[in-house]
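Written below as structure tokens is the structure these notes are about.
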Amino acid sequence: MISLVLMFFSGCSFLNDYETKGTLNLPGLSGPVTVLRDEKGMAYIYAGSAEDAIMAQGFITAQDRLFQMELTRLFACGRISELAGAQGRAHDIRMRTIGFWRHGRRHAEILDTRTKHFFQKYLDGVNAFVNLQPGDHHLEFRLAGIKPGLWTLADSLAILYYMSWNSAANLDTEIITQALVDRVGMEKAKEILPLSVNPDEIDNQRKAASFGPQESEPLRTAMDQSLLGYLKDGPLRLGSNNWSMGAGRSAGKKPVVANDPHLDSRILPGPWYPSGLITPDFRAVGVTIPGIPGMVVGRTAHIALGVTNAYGDTQDLYVESLDPKDPERYLEGEKSLPFGIIEETLKIKDKNAPEGFKEEKVRIRLTGRGPVISGVLPDLKTDKVITLRYAPFEHMEPAVGMERLLTAKNTSDVREAVRRLNTIMLNMVFADSEGNIGWHVSGKLPIRKKGDGTIPFRVSDGENDWAGFVPFEEMPHADNPARGWVGTCNHMTVGKDYPHHYWSGVSPSFRYARLKELLDAPGLKTADDHWQFQRDTVNPLAREIAPLMAKALLARGETNVMGEILRDWDHRDDPDKAAPTVFQAVYRQFARLVFEDELGEETAKLMLSEWSYWHERLQRMVVEGRSSWFDDVRTGGIKESASDLFHRAALRAMEELAPTLGKDPKEWLWGKAHRVEYVSPIRRKGFGKGLVGGGSHGAAGSGETLHRNIYDFDQPFQVVVSASLRMVADLSDDDKILAVLPGGVAGRVFHPHGTDQIEKFMGGEKVYWWFSDKAIKEHTRSILTLVP
């Protein structure tokens, strides 16, 4: 029966297809545009001008991804309840409070002519597709019961701001730190604050965070559900690896750029949209986020580039006092000021409402620093609220920067484009055909007069605690370094002597440490080498911790088998091995045992949910072999060691895994436990998800490997963040680019190009974007002509 159902659905692609051959009218073009699609369904757009290419890109992107674009817009603009009903209400209030669309509209008003034209031509193409007959639109719109709307500049900029939000999401660090202080006090909390390590420094012990006396006042933020909501379903979690190898270290005698951005890629067809843009002015092949024009990752005839999350701290939380005489006002010292008020209207899907929707007014309060994001925090000397300040909203410029990447001729031109990319903090790694390589962090980093962004700042007067922004020339960067490569893995990229506060909780250093080993190894590196490096499964954390864990488990009979498995392990997180499962399961329970006795279950859960907050710190504690946190304060006169806790953790792990994986630890294969499931946005759960999705797959790697596959701490071991693209661009190869997606090109259910890259992505098979005219022509499967 199931096979018959699968056969039926496999033949349903005609229900959700679109024109890829023949001729279509696209009003607004200045001349004909030819769209060639290859064996993957990827479009290569040949146009007589840059404007026509960008407009056609908008149209073609909408053909493939309009439903995905609509979902992203609804999410970013705080309108998801139009689709999801009441269950989307709380999310929409948070998005409206942050104000991505509100600030996108404000930014659209100041764009210069070049930038506005760049975005508008793309949106003209999108809207041309929106204006086609409903039968041309994605089947998903009819299944979801919504209609596509026209796109504005504010919509695209809202998505850009939404993407930027978690490239600097320090909000979680501040909330967690405050919760720790509330629970155990300032001095004890300092012992487990995030440890940021730059592996390029010999002495990487960093100065601990410094707090003023006011920060010791408890706020009970962990009890405020409004505030915690910003953690539970916040915007996209970003990560990534990128690097550029110089010409002198490359087999092809020209630089190579490798990039694998890490996102939640489980929703098909994946977050990135690939295309080629070929005009008399430029040739570019790469990806962008649907809804944003141009190219974010890829290469041109002159340059190649990749991105990772830079984790520069552009967010601050503030503790502000309500005026006890009037709760509609707040205090700056002795000065009482009125809250700014913004009213927004939610449209919530409701089948019982007359027109299928009900409306709800939302009232957003603002201080001079930003919107109120908490409820009233009681039981203090005066009632307090938490407000949010976000740097990109305070430093808008007429240019966005991406419009300049397509025409960049060298790394100097790329830097000038990055100089203008102030909406988002990214590690931009790049190279040019002349042999230059470089790295520069985009965005605007605040210069703080007080505090370091680790804990919410107490407002005591009207003074601005930001003293401007770090100049572009002082942002972290490198240019043709002597070692012959540059690379980033979301780690701490600045040294202890960096004059500005950068971040209080970057990703752990494990991935970058492994990258250094691979790239510093002798010998010239080929594109194939870099392709393999992206799938490297060596776990540097396990390499240090597993021997200590194994010793503890071997010492006790009931955990001896687990100890043997760890002792004999090569520290590679491969799907056919049991050791990764043993290590992850035991270490996870070990972390709980270390912290839960003093923090309590809820506060420990809050902290442990954010890997970057504690991962590096706990590793250091274990390696040093001593910490008061190892002692379980609940056991009275007994003083536990790390070895004792490893044993207890192993017993807990056995109890946890036996029901699903069996009682024999040798059968706990990582590929059985650690899985990623690709699902359709129209059916994420329940019956039918397998019919329209991409299936469940055993996943190699972990959060600590270059081949990154992260699971939520409290929901092991289902992958939630992984590579959303793997790309290796060798500038000595003018025919092709190594690149694969964890889904496909088409965001249409039943479409053959919606899931056709999953198996290749999971298996490491080589897939290519074509670059030269010859290669594109050889792989063309359809030709569509767009005419004015």
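The values are calculated or read from the model by the stated rules, or taken from the named source; none is laboratory data. Source: prediction; values computed, not measured. Cβ sites come from the backbone with ideal geometry, for glycine too, and all protein chains shown count toward neighbours. What goes into the accessible areas is simple: the full protein's heavy atoms, side chains included, and nothing from ligands, DNA or RNA. Shrake-Rupley method; radii C 1.70, N 1.55, O 1.52, S 1.80 Å.
Neighbours of Arg726 by Cβ distance under 15 Å: Lys/Arg scored +1, Asp/Glu scored -1, total +1. Taking the convex hull of the alpha carbon positions in the stretch 333-477 and averaging its projected area over all directions gives 14.5 nm².
For the pair Ala555 and Leu524, what calculated FRET efficiency results from E = 1/(1 + (r/R0)^6), where r is the Cβ-Cβ distance and R0 = 41 Å, to the nearest 0.05? Computed FRET efficiency for Leu524 and Ala555 comes out at 0.30.
Using the average count of surrounding beta-carbon atoms within 10 Å as a protection proxy, the listed peptides 176-182, 71-77, 598-604 rank, highest first, as 176-182, 71-77, 598-604. Which shape class, rounded, prolate or oblate, goes with the stretch 555-646 when its Cα gyration tensor gives a ≥ b ≥ c as root eigenvalues, a/c under 1.5 marks rounded, and past that a/b bigger than b/c marks prolate? Judged from the Cα gyration tensor, the stretch 555-646 comes out oblate (a/c at least 1.5, b/c at or above a/b). Put simply, the C-alpha atoms of the stretch 666-765 give a gyration tensor, and the ellipsoid matching it has half-axes of 25, 21, 11 Å, longest first. Solvent-accessible surface of the stretch 552-694, taken per residue with a 1.4 Å probe and all protein chains present: 44 Å².
With bins 5 Å wide beginning at 0, the percent of Cα pairs of the stretch 18-146 falling in each bin runs 2, 10, 16, 18, 18, 15, 12, 7, 3, 0.
A DSSP coil position with no more than 14 other Cβ atoms inside 10 Å describes the following trypsin sites (Lys or Arg not before Pro) in the stretch 287-389: Lys325, Lys351, Lys381.
Extension gain for Phe687 to Thr34 (0.36 nm times residue separation, less C-alpha to C-alpha distance): 230.9 nm. From the alpha carbon centroid of the stretch 130-179 to that of the stretch 60-79 is 6 Å.
Each Cα pair under 8 Å and six or more residues apart adds its separation to the average, and for the stretch 611-760 the resulting relative contact order is 12 percent.
3J(HN,Hα) along the stretch 352-368, derived from phi through the Karplus expression 6.51 cos²θ - 1.76 cosθ + 1.60 where θ = phi - 60°, amounts to 8, 7, x, 10, x, 9, 10, 10, 9, 7, 10, 10, 9, 9, 10, 9, x Hz, with x in place of Gly and Pro. Working note: 222 nm ellipticity from helices only, DSSP H runs with n ≥ 4, each -39,500 (n - 2.57), summed and divided by the residues of the chain, gives -9500 deg cm²/dmol to the nearest 500.
Per residue, the Cα convex hull of the stretch 546-608 amounts to 98 Å³.
Stretched out straight at 0.36 nm per residue, the stretch from Glu602 to Lys409 would grow longer than its current Cα-Cα span by 64.2 nm. Scalar couplings 3J(HN,Hα) for the stretch 95-110, obtained by applying the Karplus form with A = 6.51, B = -1.76, C = 1.60 to θ = phi - 60°, are 5, 5, 5, 4, x, 4, 6, 4, 7, x, 5, 5, 5, 4, 6, 10 Hz; x denotes Gly and Pro. Backbone phi angles across the stretch 455-466, fed through the Karplus curve with coefficients 6.51, -1.76 and 1.60 (θ = phi - 60°), yield HN-Hα couplings of 9, x, 8, 7, 7, 10, 7, x, 5, 6, 7, 9 Hz in residue order; Gly and Pro are listed as x. Take every pair of alpha-carbon atoms less than 8 Å apart whose residues are at least six positions apart; their mean separation over the length of the chain yields a relative contact order of 19 percent. Looking at the stretch 715-779, the GluC sites (Glu not before Pro) that sit in a DSSP loop and have at most 10 other Cβ atoms within 10 Å of their own Cβ are Glu765. Amide H contacts of Asp323 (H built 1.01 Å from N, in plane; Pro and chain starts excluded): Arg329, Tyr330, Leu331 sit under 5 Å, all sequence-distant by 5 or more or on other chains. Taking label positions 7 Å along the Cα-Cβ direction at both Val376 and Leu143, the computed distance is 4.7 nm, reported to one decimal. Distance between the modelled labels on Arg329 and Arg634, one decimal in nanometres: 4.9 nm (7 Å Cα→Cβ projection).
Measuring r between the beta carbons of Glu19 and Ser49 and using R0 = 22 Å, the FRET efficiency lands at 0.45. Among the chymotrypsin sites (Phe, Trp or Tyr not before Pro) in the stretch 657-742, those placed in a DSSP loop whose Cβ has at most 16 other Cβ atoms within 10 Å are Phe687. Carbon-plus-sulfur accessible fraction, the chain (probe radius 1.4 Å, protein heavy atoms only): 52%. Take the Cβ-Cβ distance between Leu83 and Asp714 as r, set R0 to 22 Å, and report the resulting FRET efficiency rounded to the nearest 0.05. E(calc), rounded to 0.05, equals 0.20.
With each pseudo-label sitting 7 Å past Cα toward Cβ, what's the Lys358-Asp461 distance in nm, one decimal? With each label point 7 Å from Cα toward Cβ, the separation is 4.9 nm.
Computed from the coordinates I sent, Cα extents along the principal axes in Å equals one of (i) 82, 68, 62; (ii) 140, 73, 59; (iii) 222, 92, 34. Tell me the label. Computing Cα extents along the principal axes in Å and matching it to (i) 82, 68, 62; (ii) 140, 73, 59; (iii) 222, 92, 34 gives (i). Taking amide H as placed 1.01 Å from N in the peptide plane, the amide H of Thr526 sits under 5 Å from that of Ala251, each at least 5 places away or on another chain.
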